[in-house]
Amino acid sequence: METITFIELAKLLISFAILAPSGHNSQPWQFQVSNNEIIITPDYSKRLDVVDGNDRELFISLGCATENLMTAARHYGYDSKYDFSDGKIVVTFSKQDICNSDTLFDAIPKRHTHRGNFSGARIPDNILQNISARILQDNASVKIYNSESREAEIIMQKIAEGNEIQMSDTAFKRELVSWMRFNKKHVNETHNGLCYNVLGFPSTPKPIGKRLVGMFLNPKAQNKTDNAVNASASHFCVFCVKDDNVKNWVDLGVFLERFLLKITSEGISYSFSNQPCEIPSLKENLRQNLNLTAYPSVIIRLGYGEEPKTFAPREEVKL
Ligand SMILES: Cc1cc2nc3c(=O)[nH]c(=O)nc-3n(C[C@H](O)[C@H](O)[C@H](O)COP(=O)(O)O)c2cc1C
């Protein structure tokens, strides 16, 4: 690659960072570039007050973006490391003699949150064990359960209980609907949020879309959808932090995104089902029932699925 200035490199790396997942596709990150650093800070205007009152998922999303940034840096011949303090993530870079491209870089634009049921095919256990063994981290960990296990039963039960609580909560539903985008014009106004074409809904004028979605936002309908996805999943993963604090949430985001890139490069799909971690009483219940010493923070289901026709949009980055 010909020599480029750090600001050009930073813009390139950030274009990969923003492809990270985020709660409701809120994209709660801001970037600053200085010397040989990229600083990632939370954009609190994107806060999800109801579902994520303590900003846990917000900081996990920032960690995911950090992992993409560092994976892209490696591809372009830079070593990088991140440090979290004073509420911001500082990523520093140093030039290497050789570029270390790997399959993880190629997975960045391919990774997506799967919508709908999986094929039902089983993922060989050893693939998942190898992946988790290669990405060990101090503060973050993952427990992987076969969908026929007793633990998976417990997780499915907690997802159902989570749906009962969230889908009966007017404030939760109002916040969720405020992040939904109902037609192309609506998508183009924001380039964020949960978009009709990604979720597999027809395009509708906003007021009609809101009314239609409102009819489906109830515990019975959500449990029907989740039960079908759960039944088609091969494995359930519970990502945990050693202690529930902001630094560990960032570390978990880095760890989670590395895991997601690895499974993507193996042709494995996943979907989130984070309800049990979003409701404090269920989270504690889950922790006890699964005999976990660490704190559950993210739940995903794994399986095989088709490539999406449409990817979730991203906002343009302002530096
Ligand atoms: C911490 C975190 C929690 C999430 N929780 C859920 C969830 O409970 N249910 C869900 O459908 N998607 C969840 N998502 C996925 C986002 O909706 C998704 O990342 C976003 O819409 C962008 O789409 P993409 O992942 O395909 O790029 C979560 C993402 C993150 C980072």
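Could you tell me whether any residue of the range 284-294 is within 13 Å of the ligand (Cβ to nearest atom), surrounded by 22 or more Cβ atoms within 10 Å (Cβ to Cβ) and either assigned to a loop (DSSP other than H, G, I, E, B) or over 14 Å from the mean Cα position of the chain (by Cα) (or both)?
no
Which condition number does E315 fail, the rest of (1) without any contact (Cβ under 8 Å) to a residue 60 or more places away in the chain; (2) acidic (D, E); (3) within 13 Å of the ligand (Cβ to nearest atom) being met?
(1)
Write out, first by first residue and then by second, each pair whose Cβ atoms fall under 6 Å of each other, whose residues are 6+ apart or on separate chains, and whose first residue, in the range 211-236, is of a type outside the set (A, V, I, L, M, F, W, C) while the second is in a helix (DSSP H, G or I) and surrounded by fewer than 19 Cβ atoms within 10 Å (Cβ to Cβ).
P219/E164; N223/A160
When Q30 is evaluated against the numbered criteria (1) in a helix (DSSP H, G or I); (2) under 20 Å from E257 (Cα atoms), which criterion, by number, is the only one it fails?
(1)
Whether any residue in the range 50-57 is touching a residue at least 24 places away in the same chain (Cβ under 8 Å) and over 17 Å from the mean Cα position of the chain (by Cα) is what I want to check.
Yes, some residue in the range 50-57 is touching a residue at least 24 places away in the same chain (Cβ under 8 Å) and over 17 Å from the mean Cα position of the chain (by Cα).
Out of curiosity, is S61 in contact with a strand residue (DSSP E or B) (Cβ under 9 Å, 6 or more places away or on another chain), touching a residue at least 60 places away in the same chain (Cβ under 8 Å) and assigned to a helix (DSSP H, G or I)?
yes
Only one of these conditions is not met by S34: (1) within 13 Å of the ligand (Cβ to nearest atom); (2) modelled with pLDDT under 95. Which number is it?
S34 satisfies all of (1) within 13 Å of the ligand (Cβ to nearest atom); (2) modelled with pLDDT under 95 except (1).
Going residue by residue through the range 139-147, is there one that turns out to be outside any loop (DSSP other than H, G, I, E, B) and out of contact with any Asp or Glu (no Cβ under 9 Å at 6 or more places or on another chain)?
Yes, that holds for at least one residue.
Pick out the one residue from T41, T3 that is surrounded by fewer than 17 Cβ atoms within 10 Å (Cβ to Cβ), away from the ligand (no atom under 16 Å from the Cβ) and under 19 Å from the mean Cα position of the chain (by Cα).
T41
If F239 passes every condition in (1) in contact with a helix residue (DSSP H, G or I) (Cβ under 7 Å, 6 or more places away or on another chain); (2) more than 19 Å from H114 (Cβ to Cβ); (3) crowded, with 21+ Cβ neighbours inside 10 Å; (4) of a type in the set (A, V, I, L, M, F, W, C) but one, which one does it miss?
(2)
Of S147, S119, which residue is buried (at least 16 other Cβ atoms within 10 Å of the Cβ), within 28 Å of T310 (Cβ to Cβ) and modelled with pLDDT of 95 or more?
Result of the check over S147, S119: S147.
Look through the range 229-253, keep the residues that are among the aliphatic types (A, V, I, L, M), more than 12 Å from the ligand (Cβ to nearest atom) and part of a helix (DSSP H, G or I), and return whichever of them is farthest from L302 (Cα to Cα).
V246
Within the range 64-120, which residues are aliphatic (A, V, I, L, M) and either within 16 Å of the ligand (Cβ to nearest atom) or within 23 Å of the chain's Cα centre (by Cα) (or both)?
A65, L69, M70, A72, A73, I89, V90, V91, L104, A107, I108
The values are calculated or read from the model by the stated rules, or taken from the named source; none is laboratory data. Please read these numbers as outputs of a predicted model, since none were measured by experiment. Counting neighbours? That spans all protein chains shown, and the Cβs are built from the backbone with ideal geometry, glycine included.
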